[in-house]
Amino acid sequence: MKKLNLRHVMKKTMVWVAAVLLFASCNNPEAGGGDETEEPVAARAIWSAQQANDWYANQPWYVGANFLPSTAINQLEMWQAETFDTATIDKELALAASIGMNVMRVYLHDLVFKNDEQGFYDRINKFLEIADRHKIKILFTIFDSCWDPFPKAGKQRDPKPFTHNSGWVQSPGQAVLKDSTQYPALEQYVKSIVGKFANDQRIVAWDVWNEPDNMTGASYEKVEIPNKVALVLPLLKKTFEWARSANPSQPLTSGVWAGNWEADSTLKPIERLQLEESDIVSFHCYDDSVTLRKKISQLKRYNKPMWCTEYMARPNKSTFQSSLPIGKEYKVAMINWGFVDGKSQTIYPWDSWTKTYTGEPPLWFHDIFRKDGTPYKQEEVDFIKSMTGKP
């Protein structure tokens with residue numbers, strides 16, 4: 001047997017230990033040096049039509065609503081610790097399940113994450129537990145360009161009487177949107193939230209940005225910045241990239257909502273970006289059955305699953321009776337705006353910002369149930385149940 005050379009063994013051991021320490025240093029972002037050799041994890045690709053359709057083949061036909069508990073005026077009041085109302089959430093999701101709804105679209109907000117990251121995770125998880133108990137999947141919306149551009153954390157204002165969405169707030173707010181030095185915080189928010197729940201089967205999809213080019217109409221257009229869309233466009237692309245970098249098992253999307261989608265040449269740049277970056281195609285339609293069918297036809301060329309993530313405005317002839325049969329025919333997921341009449345006051349129409357209302361409108365604009373849980377129109381609830389197959 002060869003005689004053991006102790007000095008040689010010790011020398012080899014020291015070289016091995018040094019190599020291990022060097023490797024650890026290069027892979028520890030808090031350790032000095034080595035960062036320049038670290039290779040970033042590759043983000044997953046946008047789903048092909050085949051991948052998207054394979055995923056959708058294993059999904060049911062989804063029917064649901066855009067959900068905000070009736071006790072919250074906006075996303076902040078829904079998610080902040082002081083006003084996170086699990087009792088109302090549980091009661092109202094039970095109502096949704098009772099009529100066969102199996103999905104809810106729910107808005108998040110970057111300020112909640114900024115001020116209480118761990119608490120936000122915990123409340124999202126609690127919300128998902130409640131939804132799962134009622135067999136309801138969740139489509140989370142990360143950013144939103146609609147309504148008040150000046151969100152403030154903390155206690156939210158009271159609703160303005162008889163006014164549609166009088167307290168809903170944008171995310172990110174205008175101050176952040178105008179200041180690119182704050183974008184790394186948005187990046188951290190998107191990557192962290194999507195990454196935390198990237199494989200959570202209770203989440204069906206991520207809507208990365210709601211109506212990104214919405215200039216808020218009569219409500220806040222006087223205080224909107226003229227170049228808002230020019231700022232949002234590159235940030236929207238980054239948001240898709242940030243979300244994909246977390247490698248989510250769920251699809252990403254951003255819904256087109258106002259424009260002509262009949263050909264690539266008729267798309268606005270932001271619409272082209274939304275459609276090209278989305279794993280599944282989503283859109284909004286607050287119009288009659290003829291227009292809904294037309295919009296579905298226009299978007300068919302992408303050969304991807306389609307989700308109508310906003311519809312149902314009764315005075316516009318967008319109703320459950322006019323829309324759900326078409327959605328079922330094409331297996332287009334149908335998510336109406338509004339559920340229980342509450343602090344968002346979306347029973348009032350959009351024109352309540354310019355027209356005075358002094359009581360309940362003659363025809364509700366959105367929403368299905370009154371605060372006490374009784375249906376606004378029993379025949380509507382019966383129709384929804386007939387479409388979802390709920391006894």
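The values are calculated or read from the model by the stated rules, or taken from the named source; none is laboratory data. As the structure is a computational prediction, the values presented were derived from the model and not from experiment. Cβ coordinates were reconstructed from backbone atoms using ideal geometry, including for glycine residues, and neighbour counts include every protein chain displayed. Surface accessibility is based on the protein's heavy atoms, side chains included, excluding ligands, DNA and RNA. Shrake-Rupley method; radii C 1.70, N 1.55, O 1.52, S 1.80 Å.
Of all the criteria given as (1) loosely packed, with under 14 Cβ neighbours inside 10 Å; (2) in contact with a helix residue (DSSP H, G or I) (Cβ under 6 Å, 6 or more places away or on another chain), the one not satisfied by residue 296 is (1). Restricting the stretch 233-245 to residues that are in contact (Cβ under 8 Å) with a residue 60 or more places away in the chain and either more than 16 Å from the chain's Cα centre (by Cα) or surrounded by fewer than 18 Cβ atoms within 10 Å (Cβ to Cβ) (or both) leaves a set whose member that is farthest from residue 191 (Cα to Cα) is 241. Looking only at the stretch 308-337, which residues are touching a residue at least 40 places away in the same chain (Cβ under 8 Å), open to solvent by 30 Å² or more (accessible area, probe 1.4 Å) and more than 14 Å from residue 287 (Cα to Cα)? Of everything in the stretch 308-337, those that are touching a residue at least 40 places away in the same chain (Cβ under 8 Å), open to solvent by 30 Å² or more (accessible area, probe 1.4 Å) and more than 14 Å from residue 287 (Cα to Cα) turn out to be 325, 328, 331. Can you find even one residue in the stretch 368-375 that is in contact with a Ser or Thr (Cβ under 8 Å, 6 or more places away or on another chain) and more than 24 Å from residue 284 (Cβ to Cβ)? Yes, the stretch 368-375 contains at least one residue that is in contact with a Ser or Thr (Cβ under 8 Å, 6 or more places away or on another chain) and more than 24 Å from residue 284 (Cβ to Cβ).
Filtered by the rule that a residue be among the small types (Gly, Ala, Ser) and open to solvent by 60 Å² or more (accessible area, probe 1.4 Å), the stretch 170-201 gives 175, 180, 185. Taken as a whole, the structure places residue 132 among residues that are over 22 Å from residue 374 (Cα atoms) and surrounded by fewer than 20 Cβ atoms within 10 Å (Cβ to Cβ). Of all residues in the stretch 202-219, those being touching a Cys at 6+ places or on another chain (Cβ under 8 Å) and open to solvent by 10 Å² or more (accessible area, probe 1.4 Å) number 3. Looking at (1) out of contact with any helix residue (DSSP H, G or I) (no Cβ under 7 Å at 6 or more places or on another chain); (2) in contact (Cβ under 8 Å) with a residue 40 or more places away in the chain; (3) open to solvent by less than 10 Å² (accessible area, probe 1.4 Å), which one does residue 369 not meet, given that it meets all the others? Only one criterion in (1) out of contact with any helix residue (DSSP H, G or I) (no Cβ under 7 Å at 6 or more places or on another chain); (2) in contact (Cβ under 8 Å) with a residue 40 or more places away in the chain; (3) open to solvent by less than 10 Å² (accessible area, probe 1.4 Å) is unmet by residue 369, namely (1). Being touching a residue at least 12 places away in the same chain (Cβ under 8 Å), open to solvent by less than 20 Å² (accessible area, probe 1.4 Å) and either more than 30 Å from residue 163 (Cα to Cα) or touching a strand residue (DSSP E or B) at 6+ places or on another chain (Cβ under 9 Å) (or both) is a description that does not apply to residue 262.
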